[in-house]
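Undergrad: What follows is a single structure, and I will ask about it in a moment.
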Amino acid sequence: MDLIFKEDEIKDDLDTDKLRNDLDDLDEAKTEAENKKKDLVESLKLSDWINYQSADETEVIKDISKIYSVNLSDARSMLSSLPDEPLINEKALPDIVKDLRKMRRELKGDNRDKISKTVDHLIKAYTEYLNNCIKSVYWINPYTKPLRTMTPNVKMIRKLDYIKDGETRQTIIGHLCDMWEADTMKGKLDYSQEYCDYNLIGKAAKKSIRAILKDISPQSIRKSRQENLDNMLIKSVCSEPGITSSKIHEILPKAYHNSSTPQTIAKMLKRLDVTNVSGEYYLISDEIKKDLYSYVAGFIDSDGFITMDPSLSPRVGMVATGKRGKAFFQELEKEMSIGRLHLDQKVGENNRSQHRLNFYSQGDITALLDKCIPHLRMKKKQGMLLQEAIRIKKNYKKEPWAKERQEQIFKLIKWENWKDARNKWEFDKYNINENDINKYKENCKMSTMDELDSIIKVE
């Protein structure tokens, strides 16, 4: 009986060990699959994939949500939208070109040539705007060549952008493919019956597309009254930072002025997520958003710091004063989604209000420096040294040289930050001298870490 029990126990132990091994294998396979998926998502550019999605827009948004692991609202925001039409004194470029051409008829010599050059520049700018409009309609972007044969205008592009159902999209794409095929075949043929047949196919495809677009009413592609008012409010705040709701109400066109009050405008600005500091409104303009990190780099160069504290922790931050500085940091924190705000700190004898946007975590600092270092001028060396220190702390802190190199980086950053100062007490405090600094500069470990990374990848 003892033997039977022992045999059963041995079998149970073997089964348990086998089950554990199987579970470990499954966990490893799952982890490997997740890593592969992560690498694939990182390598997959949204624009490369989305240009060939002609399904219902709701389905496309759901797919983006699954692929990039974001919620539906964020997935929707990842879709490109039509760019704003360029205006000069509230007039569209085609209207200005028309006025300039009329003016040119009465001029001669150099003045006429100058007007002609201006017209050419405006036409070029408007052509670029149309090209950007076509690119923003993602499902039509691969079929730009046949679409251009229809001489698309803004009205047509807006109607195409309005189409959200997959069936209509695929119908239009089919007609565009017919047009492309007809034009391709016509280029290979002499004038003949077959040439005429392909010509008729191309014309029929164009007619079908125009018929689909004709059914879309002009009212459906126009901006609503509320959208126009929202645009006016945003434009007012961007053009005059620190403007109040009363001032905005005063400068609105009569139709919008009569139907609104400063109080309702304040509520609209809150809905639009415009920063309010003591009744004054601020918003980062689209021009700054397009090149946000070069602007941030300039701020770090002038009113910021890149350093390490005595415990060898990396630190990056910016300092500002006044209402405008406070509003800028609030807007910046919203745009970047990293960093920690410290507002209304009292400093100095006069208790002047000071505001800080600091970055403490290694992840935040890495994300910031990766984008800012190409634009930094005065503090680029400090930024690169901090990148080296973070890389050591993350991946190589157990190496025999790690601790010593981090202490060297601490001194190198102190040197870069204080070398032009009159008072050198920081150097005495941390025993920093120029001879040691020159040695530390030659001891960079970035190439060593690159070699270690390559060995790990090969394994």
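No lab work stands behind these numbers, since they all come straight from the coordinates. As the structure is a computational prediction, the values presented were derived from the model and not from experiment. Don't worry about glycine lacking a Cβ; one is built from the backbone with ideal geometry, like all the others, and counts go over all protein chains shown.
Undergrad: Please say if segment 280-348 is rounded, prolate or oblate, where rounded means a/c under 1.5 for a ≥ b ≥ c the square roots of the C-alpha gyration tensor eigenvalues, and otherwise the choice is prolate for a/b larger than b/c and oblate otherwise? Could you put the intermediate results ahead of the total?
TA: Values: a/c = 2.05, a/b = 1.34, b/c = 1.53.
Judged from the Cα gyration tensor, segment 280-348 comes out oblate (a/c at least 1.5, b/c at or above a/b).
Undergrad: If I take every Cα pair under 8 Å that is 6 or more residues apart in the chain, average their sequence separation and divide by the length, what percent do I get for the relative contact order?
TA: Details: 406 pairs, mean separation 37.2, N = 459.
Relative contact order comes out at 8 percent.
Undergrad: Measuring from the lowest to the highest alpha carbon on each principal axis, how far does segment 314-377 reach, largest first, in angstroms?
TA: That gives 38, 23, 22 Å along the principal axes, largest extent first.
Undergrad: With charges only on Cβ, +1 for K and R and -1 for D and E, what is the dipole size of the chain about its Cα centre, in debye, rounded to 20?
TA: Numbers: 80 positive and 77 negative charges, 683 e Å.
Rounded to the nearest 20 debye, it is 3280 debye.
Undergrad: Points 7 angstrom from Cα along the Cβ direction at GLU194 and THR261: gap in nanometres?
TA: 7.6
Undergrad: For ILE88 and TYR430 in the same chain, what is the full-extension length gain: residue separation times 0.36 nm, less their Cα-Cα distance, in nm? Before the final figure, lay out the partial values.
TA: On the way: separation 342, 0.36 × 342 = 123.12 nm, distance 5.85 nm.
Difference between extended and current length: 117.3 nm.
Undergrad: Just add up the charged neighbours of THR275: K/R +1, D/E -1, any other residue whose Cβ is under 12 Å from the Cβ of THR275.
TA: Result for the local shell: 0.
Undergrad: Can you tell me the orientation of helix 380-395 relative to the chain, as the angle in degrees between its alpha-carbon axis and the longest Cα principal axis, to the nearest 10?
TA: Rounded to the nearest ten degrees, it is 60.
Undergrad: What is the calculated FRET efficiency for SER353 to ASP120, with r their C-beta to C-beta distance and R₀ = 51 Å, to the nearest 0.05?
TA: Working: r = 51 Å, r/R0 = 1.00.
Result of the calculation: an efficiency of 0.50.
Undergrad: Under 20 Å Cα-Cα from LYS398, which lysines qualify once same-chain neighbours fewer than 8 residues away are excluded?
TA: By straight Cα distance, LYS398 reaches LYS445, LYS457.
Undergrad: Compute the Rg/Rh shape ratio of segment 87-221: radius of gyration over Kirkwood radius, all on alpha-carbon atoms. Could you put the intermediate results ahead of the total?
TA: On the way: Rg = 18.9 Å, Rh = 17.4 Å.
Taking Rg over the Kirkwood Rh, I get 1.09.
Undergrad: Let me ask something else. Using the basic label-point model (7 angstrom from Cα toward the beta carbon), what is the ARG210 to LEU107 distance in nanometres?
TA: 3.6
Undergrad: Listed here are the pairs LYS290/LYS334; LYS98/LYS207; LYS393/LYS441; LYS155/LYS235; LYS66/LYS371; which of them are more than 25 Å apart at the Cα? Present the calculation step by step, with values, prior to reporting the outcome.
TA: Values: LYS290/LYS334 15 Å; LYS98/LYS207 29 Å; LYS393/LYS441 19 Å; LYS155/LYS235 23 Å; LYS66/LYS371 27 Å.
Correct reply: LYS98/LYS207; LYS66/LYS371.
Undergrad: Which ³J(HN,Hα) values in Hz, rounded to whole numbers, follow from the phi angles of segment 228-237 under the Karplus curve 6.51 cos²θ - 1.76 cosθ + 1.60, where θ = phi - 60° and Gly and Pro get x?
TA: Along segment 228-237, the couplings run 4, 5, 4, 4, 5, 5, 4, 5, 5, 5 Hz.
Undergrad: Could you bin all the Cα-Cα distances of segment 289-456 into 5 Å bins starting at 0 and give me the percent of pairs in each, rounded to whole numbers?
TA: Result returned by the calculation: 1, 8, 16, 19, 18, 16, 11, 7, 3, 1, 0, 0.
Undergrad: Would you pull out the residues with amide H under 5 Å of THR275's amide H, same chain only if 5 or more places away, H placed 1.01 Å from N?
TA: Amide H to amide H, under 5 Å and 5 or more residues apart or across chains, THR275 pairs with TYR282.
Undergrad: Next question. How charged is the neighbourhood of ASN358? Take every other residue with its Cβ under 9 Å from the Cβ of ASN358, and add Lys/Arg as +1 and Asp/Glu as -1. Don't skip to the end; give the middle numbers.
TA: Details: positive: ARG315, ARG340, ARG356; negative: none.
That sum, taken over residues with Cβ under 9 Å, equals +3.
Undergrad: Also: Go ahead and estimate [θ] at 222 nm for the chain from helices alone: -39,500 (n - 2.57) per DSSP H run with n ≥ 4, summed, over the residue count, rounded to 500. Don't skip to the answer; put the middle values down first.
TA: Numbers: 24 runs with 307 residues, N = 459.
Taking each H run of at least 4 residues, the total per residue is -21000 deg cm²/dmol.
Undergrad: Show me 423-431, 302-310, 63-71 ranked by packing, highest mean number of other Cβ atoms within 10 Å first.
TA: On the way: 423-431: 11.4, 302-310: 16.7, 63-71: 13.9.
Result, highest mean Cβ count within 10 Å first: 302-310, 63-71, 423-431.
Undergrad: By the scheme Lys and Arg +1, Asp and Glu -1, what is the net charge of all other residues having a beta-carbon under 12 Å from that of THR118? The partial results should precede the final answer.
TA: Working: positive: ARG101, ARG104, ARG112, LYS114, LYS117, LYS124; negative: ASP99, ASP113, ASP120.
In short, +3.
Undergrad: So what's the Cα pair-distance distribution over segment 225-283, bin width 5 Å, in %?
TA: For segment 225-283, the pair-distance distribution reads 4, 21, 39, 26, 9, 1.
Undergrad: Defining a contact as two alpha carbons under 8 Å apart and six or more residues distant in sequence, what relative contact order in percent does segment 289-456 show?
TA: Details: 188 pairs, mean separation 35.0, N = 168.
Relative contact order for segment 289-456 comes out at 21 percent.
Undergrad: If one computes the Cα centroid of segment 244-315 and of segment 415-450, what distance in Å separates the two points?
TA: Here the two parts' Cα centres lie 38 Å apart.
Undergrad: Explain nothing, just the number: relative contact order of segment 225-283, from Cα pairs under 8 Å at least 6 residues apart, as a whole percent. Don't skip to the end; give the middle numbers.
TA: Working: 54 pairs, mean separation 25.0, N = 59.
For segment 225-283, the relative contact order is 42 percent.
Undergrad: What are the ³J(HN,Hα) couplings of segment 252-261, residue after residue, when phi is run through the Karplus curve with 6.51, -1.76, 1.60 and θ = phi - 60°? Round to Hz, x for glycine and proline.
TA: Using θ = phi - 60°, the values come out as 5, x, 3, 4, 7, 5, 5, 9, 9, 9 Hz.
Undergrad: Which FRET efficiency value, to the nearest 0.05, do you get for TRP418 and GLN345 by plugging their Cβ-Cβ distance into 1/(1 + (r/R0)^6) with R0 = 30 Å? Mind showing how you got there, number by number?
TA: Values: r = 23 Å, r/R0 = 0.78.
With a Förster radius of 30 Å, E is 0.80.
Undergrad: So what J values fall out for segment 73-79 if you push phi through Karplus, 6.51 cos²θ - 1.76 cosθ + 1.60 with θ = phi - 60°, rounded to Hz, Gly and Pro as x?
TA: Listing the rounded values in order: 5, 5, 5, 5, 5, 6, 6 Hz.
Undergrad: In 10 Å bins starting at 0, how do the alpha-carbon pair distances of the chain split up by percent?
TA: Distribution as computed: 3, 12, 17, 20, 18, 15, 9, 4, 2, 0, 0, 0 percent.
Undergrad: Give the peptides 101-113, 191-203 in descending order of average Cβ contacts within 10 Å, highest first. The partial results should precede the final answer.
TA: Details: 101-113: 11.0, 191-203: 13.5.
In descending order of packing, they fall as 191-203, 101-113.
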